[in-house]
1. Restricting attention to helices (runs of 4 or more DSSP H) lying wholly within the stretch 1-98, give those where 1 or more residues are in the same structural domain as D261 (by TED's automatic domain parsing) and either crowded, with 22+ Cβ neighbours inside 10 Å or within 16 Å of the ligand (Cβ to nearest atom) (or both).
2. Could you look through the stretch 255-284, keep only residues that are in a loop (DSSP other than H, G, I, E, B) and of a type in the set (D, E), and pick out the one that is farthest from L235 (Cα to Cα)?
3. Which one of D206, D184, D190 is among the acidic types (D, E) and buried (at least 24 other Cβ atoms within 10 Å of the Cβ)?
4. Only residues that are touching a residue at least 40 places away in the same chain (Cβ under 8 Å) and either within 9 Å of the ligand (Cβ to nearest atom) or of a type in the set (S, T, Y) (or both): list them for the stretch 103-121, please.
5. Here are the criteria: (1) in contact (Cβ under 8 Å) with a residue 40 or more places away in the chain; (2) over 18 Å from the mean Cα position of the chain (by Cα). Tell me which single one A77 does not satisfy.
6. Give the residue that is surrounded by the most Cβ atoms within 10 Å (Cβ to Cβ), with candidates limited to residues of the stretch 231-254 that are of a type outside the set (S, T, N, Q) and assigned to a loop (DSSP other than H, G, I, E, B).
7. Please list, ordered by first then second residue, the pairs with beta carbon atoms under 8 Å, 6 or more apart or interchain, first in the stretch 208-228 and on the phi > 0 side of the Ramachandran plot, second more than 8 Å from the ligand (Cβ to nearest atom) and not aliphatic (A, V, I, L, M).
8. Residue by residue through the stretch 198-216, note down the ones that are more than 16 Å from the ligand (Cβ to nearest atom) and either over 18 Å from A126 (Cα atoms) or at pLDDT below 95 (or both).
Amino acid sequence: MSSDGVYAELGVPTVVNAAGTKTRIGGSRIRPEAREAMDRAAESFVRLSDLQAAASDRIAEVTGAEAGYVTNGAAGALLLAAAASIAGTEPGTMARLPDTDGVADEIVMPRTHRTGYDHALRTAGATIVDVGTNDATLGTGARNVEPWEYADAIGEDTAAVAHVYKSYEGPPLAEVCDVAHEHDVPVIVDAAAELPPAANLSWFTDQGADLVAFSGGKGIRGPQTTGILAGRADLVESVAAQHLDTHATASVWDPPERLLDTERFDGVPRQGVGRPLKVGKEELVGLLAALDAFLAEDHEAIAREWRERAERIAGDIGGVDGLSTTIEDGAKSVAPTVAVAVDPEGAGTSAADLVLALRREDPRVFVGADGVDRGTFTVSPMCLTDDEADHVVARIRANLGDESGD
Ligand SMILES: *Cc1c(COP(=O)(O)O)cnc(C)c1O
């Protein structure tokens, strides 16, 4: 399990990924079907608008949305969703973004849904308007945000409502969509990490969402740089106009009509705010191949595999002095996750020092560190092989001076 191949040639240590699908350590293992499709895609040229039109058909089919688009990551999808909500099919507004002077640019969202990915919405030019309180999160009260608060915040400057979906977090998406639609405002959903289950591909659209962002490089296991945006055809048309390379002369501007109807545009849009978010033909084809393979997969068998691996890891680590384990069931992650509490007295080290020591090994061992300042870390079975899981357990033991597992 030492660093090998292309990374060794670069002198870069590889990572044993016990943290789950995290972008900073490479996301997920891309499926062989996707790699093979990317290889074949590299053999010839193709017009990207044709390819996006085909992708739109396929995404519409599997999500039940009117249309779809392949973006560079869910974060790229969020930026494009905001740009489409703000500009519609106005080439003038498209050309000015992220400058939104004189244009409705507000995106209303619960303050409890704010994340670092908000920046993607703001990069398109959006101003975020917070609603609700943090009471339910802080324990100072029961209420988070309620439908009337959305209604109160939506006005003539509103471009969209945004919703970051987590199964344990309210309010119900269908209610949010109802309020937004009463005011004729689209709802953008960040569902980046909500696959599997495959049923979630259509669930958000069924609830009434107008644009849904999924990561292509997490549970789908497509190219790490890809994402999916599924939604209303008019909004996807605006996405295409602001994302595709549009250095075309008007007289020969001829994108596929089902993706982008030139009749609806006064002229060829300038290179849009989404143009820096390029998606290559190989990534696009790889994502579609990964999506097909994801749909064909036996998700129950995979869930069983994850659970068995998690239980084995929990059992192996739980016996170590100073460590105690529980298995967290899939709300914060699509896979069951082993939560490990470190008692510094018994373990002889803190959670933070252990996590850091593991990361400094070769290969680097990455465990989930979100709770490290509270004395816990997590081990996710999702991106580990069984051999790698054994390695993680052995290295945790070895770092605590227990070599019996090695
Ligand atoms: C991972 C994630 C993103 C970003 O997805 P990328 O595909 O890496 O761009 C956005 N929002 C949430 C909630 C995520 O978990």
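The values are calculated or read from the model by the stated rules, or taken from the named source; none is laboratory data. Here the structure is a predicted model, which means the values were calculated and not measured. Cβ sites come from the backbone with ideal geometry, for glycine too, and all protein chains shown count toward neighbours.
1. Result: 32-41, 48-63, 73-87, 91-96.
2. Result: D266.
3. Unique residue meeting the criteria: D190.
4. The answer is T112, T115, Y117, A120.
5. It is condition (2) that A77 fails.
6. L244
7. Cβ pairs passing all conditions: G208/C177; G208/D178; G208/H181; R221/S28; R221/R29; R221/R31; R221/F294.
8. Passing the criteria: A198, A199, S202, T205, D206, Q207, G208.
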